[in-house]
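The values are calculated or read from the model by the stated rules, or taken from the named source; none is laboratory data. Everything quoted here is computed from the prediction, not taken from an experiment. Don't worry about glycine lacking a Cβ; one is built from the backbone with ideal geometry, like all the others, and counts go over all protein chains shown.
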Amino acid sequence: MLSSRQTQVIHLLWLSQRRSWIRHQVPLLGSIIAGRPEFQEGRIDACIDIDPTTLRLPKNARTFALKVRGDSMRNAGILEGDIVIMEFREARHGDIVAALIDGETTLKRFIVHEGVPYLRASNPKYPDLIPARELVIQGVLIALLRLSER
């Protein structure tokens, strides 16, 4: 999803722009698979205008958006084509997260059991994902956008 360089660029954008930009436009950074994890390059596709009071965003929220591909989170109400608004912050047990697990990205629920973190789908046809080497939380879900078909 995001390389460390892309993350640095986004942080610099947030720091260099007026606070109103940070609070009203969310960068759309491509897509994320809600299914089996996969390698993906992050890129800024566009910006989504949002009302920060509607989403109850704190003034210092660092947010980004991703378009969902796949069906592993359907029982959590997240469907293919939805746009998830994520915040850079520490995940808590039960949060839905954009995660880098062993070098590949996915959208799943963050679970901690007996001190061991792993990822769980919201669709029984997908197994739990236990990291072999690393699990990096890249963002925590704060909002979901679904556009109606025309």
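Of everything in segment 111-150 that is small (Gly, Ala, Ser) and modelled with pLDDT of 95 or more, the residue that is farthest from residue 34 (Cα to Cα) is 139.
Residue count for segment 72-85 satisfying the condition of being within 15 Å of residue 140 (Cβ to Cβ), in contact with a Ser or Thr (Cβ under 8 Å, 6 or more places away or on another chain), at pLDDT 95 or above and not in a loop (DSSP other than H, G, I, E, B): 1. Hey, can you tell me all the residues within segment 86-99 that are in a loop (DSSP other than H, G, I, E, B) and small (Gly, Ala, Ser)? Across segment 86-99, the qualifying residues are 91, 94.
Yes or no: residue 67 under 12 Å from the mean Cα position of the chain (by Cα), assigned to a strand (DSSP E or B) and crowded, with 20+ Cβ neighbours inside 10 Å? In short, no. Applying the condition of being within 23 Å of residue 2 (Cβ to Cβ) and among the basic types (Lys, Arg) to segment 109-145 and asking which residue is surrounded by the fewest Cβ atoms within 10 Å (Cβ to Cβ) yields 133. Just a yes or no: is a residue in segment 100-111 among the hydrophobic types (A, V, I, L, M, F, W, C), in contact (Cβ under 8 Å) with a residue 12 or more places away in the chain, out of contact with any Pro (no Cβ under 9 Å at 6 or more places or on another chain) and part of a loop (DSSP other than H, G, I, E, B)? Scanning segment 100-111, I find no residue that is among the hydrophobic types (A, V, I, L, M, F, W, C), in contact (Cβ under 8 Å) with a residue 12 or more places away in the chain, out of contact with any Pro (no Cβ under 9 Å at 6 or more places or on another chain) and part of a loop (DSSP other than H, G, I, E, B), so the answer is no. Counting only residues that are surrounded by fewer than 16 Cβ atoms within 10 Å (Cβ to Cβ), at pLDDT 75 or above and not polar (S, T, N, Q), segment 36-57 holds 5 of them.
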